[in-house]
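Asks: Sharing a structure below in structure tokens format, with a few things to ask.
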Amino acid sequence: MYSKGRWMTLPNIQSLYTCFIYVLNPFFKKHFSRINTTMRRYYRLTAVCLGLLCVILLAAITVLWVKFNNLTTEKDQIQTSYTSLTIERDQLQTSYTSLTIERDQLQTKQEKKTSSFYYISTEKKSWSESRKFCRERGADLVIINSRKEQEFISEAFGSSEAWIGLTDVDTEGVWKWVDKSTLTAKFWWTGEPNDYGRNEDCAITGYEGAGSERVSTWADYSCDRLAVGICEKRF
């Protein structure tokens, strides 16, 4: 290089470089030291954040795993309960079917064992007098325990209103037969019994308001009403 009419020699250039480094070196050291300190802070903050995220993620996974296990356990318990209830239902259904068959068999045997003789009085009397008439002949007012028997009574004695052995004179609304047995098969006409006038405690079959109906023909009347009675003598 040439300066003020002189060429700068290599030793002069080296001396200038050395001076330059000597003067600026403290500045670069201080500047880079600040940069390194800032970068280290960022690295540490980033590492802390990543660590916290890992901890949170691990905690979330643990909670979800526990809940999943609990749900699986509950599902298994519900499935077990459902299976048990299904088995119990099937057992109850089987028991019900067996009891129904047994009931029908007993009813058939009872029908075969029991035979009755029916007859109807020709004179109209009150319920108590009609019963007295039957009992004087070794019978009693008829007890009807099945649809088949009710159909037979309707067919045999037509549409005549006739006393049967059914009353709630002891307890209003609790209908019982003359042998004190509870009413099971019921063949009341629509709206009956209605205890009209609070004085209807005895039952008749063949209610005239039933028209052509041959089964549900019962009604309650005052026990003092005059009607024929159907007697039944069992053997």
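A short reminder: the numbers here are calculations on the coordinates, not readings from a lab. Note that this is a predicted model, so its numbers are computed, not measured. Reconstructed Cβ throughout: ideal geometry from the backbone, glycine too, with neighbour counts over all protein chains shown.
Asks: Which FRET efficiency value, to the nearest 0.05, is calculated for S212 and Y119 with the Förster distance at 25 angstrom and r the Cβ-Cβ distance?
Replies: 0.50
Asks: With 10 angstrom as the radius, rank V66, V215, V142 by how many other C-beta atoms surround their C-beta, starting from the fewest.
Replies: The order, fewest Cβ neighbours first, is V66, V215, V142.
Asks: Another one. Within the set of other residues whose C-beta is less than 13 Å from the C-beta of E208, count the net charge using Lys and Arg as +1 and Asp and Glu as -1.
Replies: Value of the local net charge: -2.
Asks: Now a separate question. Straight-line reach from K132: which aspartates and glutamates have Cα under 19 Å away, leaving out those fewer than 8 places along the same chain?
Replies: The qualifying aspartates and glutamates are E123, D140, E161, D168, D170, D179, D201, D224, E232.
Asks: Another question, if that's okay. Report ³J(HN,Hα) in whole Hz for each residue of the range 170-176, in order, from the Karplus equation J = 6.51 cos²θ - 1.76 cosθ + 1.60 where θ = phi - 60°; Gly and Pro get x.
Replies: 6, 9, 4, x, 9, 8, 9
Asks: Could you check the simple spin-label distance between R225 and V169, using points 7 Å along Cα→Cβ, in nm with one decimal?
Replies: Going from the R225 label point to the V169 one covers 1.6 nm.
Asks: Still on this structure: Give the distance, in whole Å, between the Cα centre of the range 200-231 and the Cα centre of the range 175-196.
Replies: Value for the Cα centre distance between the two parts: 11 Å.
Asks: Give, in nm to one decimal, the length gained when the segment between S84 and V55 is fully stretched (0.36 nm per residue of separation minus the Cα-Cα distance).
Replies: Residue separation times 0.36 nm, minus the Cα-Cα distance, leaves 6.1 nm.
Asks: Can you work out the FRET efficiency for the pair R198 and K233, with r the C-beta to C-beta distance and R0 = 35 Å, to the nearest 0.05? Mind showing how you got there, number by number?
Replies: Working: r = 34 Å, r/R0 = 0.97.
Given R0 = 35 Å and the Cβ-Cβ separation, E is 0.55.
Asks: Can you work out the Karplus-derived ³J(HN,Hα) for every residue in the range 126-134? Use 6.51 cos²θ - 1.76 cosθ + 1.60 with θ = phi - 60°, whole Hz, and x for glycine or proline.
Replies: After applying 6.51 cos²θ - 1.76 cosθ + 1.60, I find 5, 4, 5, 6, 5, 5, 4, 4, 5 Hz.
Asks: FRET efficiency for R41 and V63, Cβ-Cβ distance as r, R0 = 45 Å, nearest 0.05? All intermediate terms of the calculation are to be shown ahead of the outcome.
Replies: On the way: r = 33 Å, r/R0 = 0.73.
Given R0 = 45 Å and the Cβ-Cβ separation, E is 0.85.
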